[in-house]
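Read-outs throughout are calculated quantities, based only on the coordinates presented, and are distinct from any laboratory measurement. No experiment lies behind these values; they were computed from the predicted model shown. Glycine also receives a Cβ, built like all others from the backbone with ideal geometry; neighbour counts cover every protein chain displayed.
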2 protein chains.
Amino acid sequence: MSERSNSQRGGSKAETSANAIVFVVEDDVSMRRSLTNLFQSVGLDVVAFGSAREMLQSTLPDVVSCLVLDVRLPGLSGLEFQTELAKSSIHIPIIFITGHGDIPMSVRAMKGGAVDFLTKPFRDQELLDAVIAATERDRKRRQDEKTVANLKSLFETLSPREQAVMKLVATGLMNKQIAAELGLAEITVKIYRGHVMKKMRARSLADLIRMTEALGIRANRPEQT
Amino acid sequence: MSERSNSQRGGSKAETSANAIVFVVEDDVSMRRSLTNLFQSVGLDVVAFGSAREMLQSTLPDVVSCLVLDVRLPGLSGLEFQTELAKSSIHIPIIFITGHGDIPMSVRAMKGGAVDFLTKPFRDQELLDAVIAATERDRKRRQDEKTVANLKSLFETLSPREQAVMKLVATGLMNKQIAAELGLAEITVKIYRGHVMKKMRARSLADLIRMTEALGIRANRPEQT
DNA sequence: AGGACAACTATACCTACGTTTGTAATGCGC
DNA sequence: GCGCATTACAAACGTAGGTATAGTTGTCCT
């Protein structure tokens, strides 16, 4: 069962349209409740679960968020859950909390990319600081991902030939070389190249090159010394 | 006092011209000796110290290396040493070992970029695996740094004006725009631009753009929508 | 069959880029 | 003073890039 608790308090404070969500996975009911209260008290939205399975089964909203995760859980453990999320390429930043942890656990968690690993008892402020760091990390990741996703969708509007031309342009070949490479007339390359610039909304070649960098496009041609 | 111990055994195995060095900082003499033996037994060069201060005072050779560091040390602790190294921008990958550690320690170490954090007793193979991962990380970092350093030194052979032109070229401006920006004739820009290509050894504009990316060169000009 | 679209080319024209050759002023170090 | 690097520009020329117009062929969908 999940508890969705939004902090809708009158309007004394301007609600950000996309408020950060803190997910909590913690089997201990009283602990779960107190975490929920803590986060709500500072104006964060909270969605709490009693197990990893419950969270995996729910549909996660696509907003800035982080996960406060108890290491010791019934069913899937916190560390296994972390691995599971990574496999599903769900990149939510994780803050572990635990009452009975050990060093190898914490090291594994941190190697796995966790933001923090707190041992009970901890001060509220410690956890809040970690949550702020985690949501900030998520915000940045989402920003970067969005930029790349936008570029990718532009790139996909290109016809196969246009994509091929773009790749070869990015490697620095001249139009006539591209034409030879693809078995085309130079004029055709010029025209496709024009299409590429328009469709990618590149204002300059420099622009386009940087786009290919962001997209990880690299034509595998040997370079002559 | 530091103990420098190279594994020069006959010639049964080809000595790599730049063998990896494992630095060890460990105050316990018998532990230090056994670590040294372990690393030598697999053909690694070892330089061992009894304290952080000793290592800081010695001249570190500029080769692929990593640091196996005891957390509990006389004088500067392992964690303080980690901070100190970071401040001096010495980026050697660190593997912590400890007999009496706790979770906050390990978390701080990992947050600080440590490769691993092992608790005694550990299996030899665990430590060796960590050392291999650490040296690999250092090798990659050195490679990247070298590439950028090479570019930087090329960039510094450019005259101030040539550097300015390069920056503006990288932003995607046309020669005539660059000329206006710098108060020059277009022909002058063309000539400097030619110098830039030659001196930077760029085979194409795409090449040059990627160089500016690697160098982090970005002219702060507002872009029109 | 007809329409839409991708792929491809040609002619023509204009702009942008790049190099060569030559000139000239300035400033710095020895 | 001499040599040298830097900065700067001009004329002339050749190459590369880019666009507009116009047309062919083939495929896929309806």
Along the charge dipole of the stretch B:3-146, which of B:Asn19, B:Phe49, B:Leu79 sits closest to the positive end, that is, farthest toward it, with unit charges on the beta carbon of Lys, Arg, Asp and Glu (+1, +1, -1, -1)? B:Asn19
Inter-copy spacing of A:Lys111 label points, which lie 7 Å from Cα along Cα→Cβ, given in nm from shortest upward: 2.0
By Kyte-Doolittle mean hydropathy of at least -1.0 and Cα axial length of at least 30 Å, which whole DSSP H helices of chain B are selected? B:124-156
Final fewest-first order of B:Ser51, A:Ser77, A:Ser41 on the 10 Å Cβ neighbour count is A:Ser41, A:Ser77, B:Ser51
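Could you compute the FRET efficiency for B:Lys198 and A:Lys190, with r as their C-beta to C-beta distance and R0 at 22 Å, rounded to 0.05?
0.25
Residue by residue through B:98-105, how many Cβ atoms from other chains fall within 10 Å of the Cβ on average? Mind dumping the intermediate values first?
Values: counts 1, 0, 0, 4, 5, 12, 5, 2.
Per residue, the average neighbour count from other chains is 4.
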Skipping prolines and chain starts, which residues have an amide H placed within reach, meaning under 5 Å, of the one on A:Leu73, given they are 5 or more residues away or on another chain? A:Gly78
Taking a label point 7 Å from Cα toward Cβ, how far is B:Ser41 from its twins in the other copies, in nm, shortest first? 5.4
Cα-based Rg and Dmax for the stretch B:87-189, where Dmax is the largest Cα-Cα distance (Å): 23.9, 72
Hey, rough spin-label estimate for B:Val63 and A:His100, points 7 angstrom out along Cα→Cβ, what's it come to in nanometres? 4.9
Leaving out same-chain residues fewer than 8 places away, which lysines sit with a Cα under 19 Å from that of B:Lys152? B:Lys140, B:Lys167, B:Lys198, B:Lys199
Would you mind computing, in nm to one decimal, how far apart the modelled labels at A:Asp124 and B:Arg141 are, each placed 7 Å from Cα along Cα→Cβ? 3.9
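Over the protein assembly as shown, what portion of Cα pair distances is larger than 33 Å, expressed as a whole percent? Could you put the intermediate results ahead of the total?
Details: 57225 of 101025 pairs.
Counting pairs separated by more than 33 Å, the tail of P(r) holds 57 percent.
Within 10 Å of each candidate Cβ there may be at most 10 other Cβ atoms; applying that plus a DSSP loop requirement, which trypsin sites (Lys or Arg not before Pro) in the stretch A:102-135 survive? Before the final figure, lay out the partial values.
Numbers: sites: A:Arg108, A:Lys111, A:Arg123; in loops: A:Arg123.
Counting only loop positions with at most 10 other Cβ atoms within 10 Å, the trypsin sites (Lys or Arg not before Pro) in the stretch A:102-135 are A:Arg123.
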Which residues' amide hydrogens lie under 5 Å from the amide hydrogen of A:Val68, considering only partners 5 or more residues apart or on another chain, with H built in the peptide plane? A:Phe23, A:Val24, A:Val25, A:Ile95
Does the stretch B:157-215 come out rounded, prolate or oblate by the C-alpha gyration tensor, with a ≥ b ≥ c the root eigenvalues, rounded set by a/c under 1.5 and, if not, prolate when a/b is larger than b/c and oblate if not? prolate
Between copies, how far does the label point of A:Pro160 sit from its twins, in nm, shortest first, when each point is 7 Å from Cα along Cα→Cβ? 5.5
Apply the Kirkwood formula to chain B: the hydrodynamic radius equals the inverse of the mean of 1/r over all pairs of different alpha-carbon atoms; give it in Å with one decimal. 20.7
